[in-house]
Structure formats: structure tokens, C-alpha cells
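Working notes, structure below.
Each reported figure results from applying straightforward, stated rules to the coordinates on display, with no laboratory input. Just so it is clear, the model here is predicted, and its values are computed rather than measured. In this analysis, Cβ positions are derived from the backbone assuming ideal geometry, glycine residues included, and neighbour counts consider all displayed protein chains.
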Amino acid sequence: MPSGGSGSADVGTTLMRLGVLTVLLAVAVLVILLLVRWATGELEHRRAARRRAEARALARRTAPPRPPTRRPATHPAGRRVGPPTDPNLPARRPLEAVAADVRRLTRELAMVPGGMPMARRRGLLAAYDDVLVEAAALLQVDHRLTEVPPEHRELERIRLIGSLEAAGLVVGR
């Protein structure tokens, strides 16, 4: 049997070789993963997505704030109604009609089916936002719904609904 010193040296070199082999294997796996991402175009896709996000953020920071747009009034049958009699004065609906629309759209948004097309859902949310802004104007409640970016708009809707309820508007029944 060899002396204790040479046996521990054999174990040490074996462990070192095993460590080096493990590192080489990990590097080989990472290189293969990188090659697969390059071959499938995932790297270029991520780079392009990052560039688009940076461009949008830059545009948001440098663009002047847009004034809120007012959608033209429509008839319940879907036909567009002509402009108000005095173009300097915005047409105002009664608060009861606006409150009824808020409640109706709240129910419709709560009952959105899973397979609804995204364009229809966005249209429903745009109509809901317009009615909330109209109700806020009638009740003189401050809001930032037209100013916030789309990713933060849901939080502003919730805050605005709370403010409208505090001002006396019944939103949900």
C-alpha cells in the first residue's frame, strides 16, 4: 500500500481534472445554446425588441403632451351626429346619461368573454375611458387618464372610479 501522501495527491489531481471537465462541459453547453439562439434568430429578435422599446421610451420623453381627443358624438344606432350648434362650447350630456353609460360599460367589461377579439376589447376600453373622462369633467374630478401611458392606464382607471364614487357617482350595481 502506498504512503498517505501520494494517495491524497492522486485524489487531488482527480478532483482537479473533474473540476476542469465540469467547467469545459458547462462552457460547451453555453456555446451550443448561444449558437441555437443565433441560428433561430432569437438574438436578433431580442435586439430589435430592445431597440423598439428604447425608441418608444425616447419618443415618450421628448414628445410634447398631446391634448385629450374628443371623439365625435354618435347616435345610438351608430350613425354620426352633426357638430354641436356652437363649436366653441362642447356638447354636454346630462349626468344621469353619463352615469348610465359608466354602469353599462362597467358591466360589459366585467363580462368580456374569453374569445373576444382584441380590437373589440380595446374599443370597449376606449369607450369606457371616454365616458369616465366625461363623468370626471361633469363632476369636476381631477384625472390623468388621457395623460398616462397605456401600461399604467388601468391603475388610473381604478383611481378615477374611486374618485367618481367619492364624488357621489354610483358606478356599480
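The peptide list 142-151, 162-171, put in order of mean Cβ contacts within 10 Å with the highest first, becomes 162-171, 142-151. Counting 0.36 nm for each residue step from Ile32 to Arg50 and taking away their Cα separation leaves a gain of 4.1 nm.
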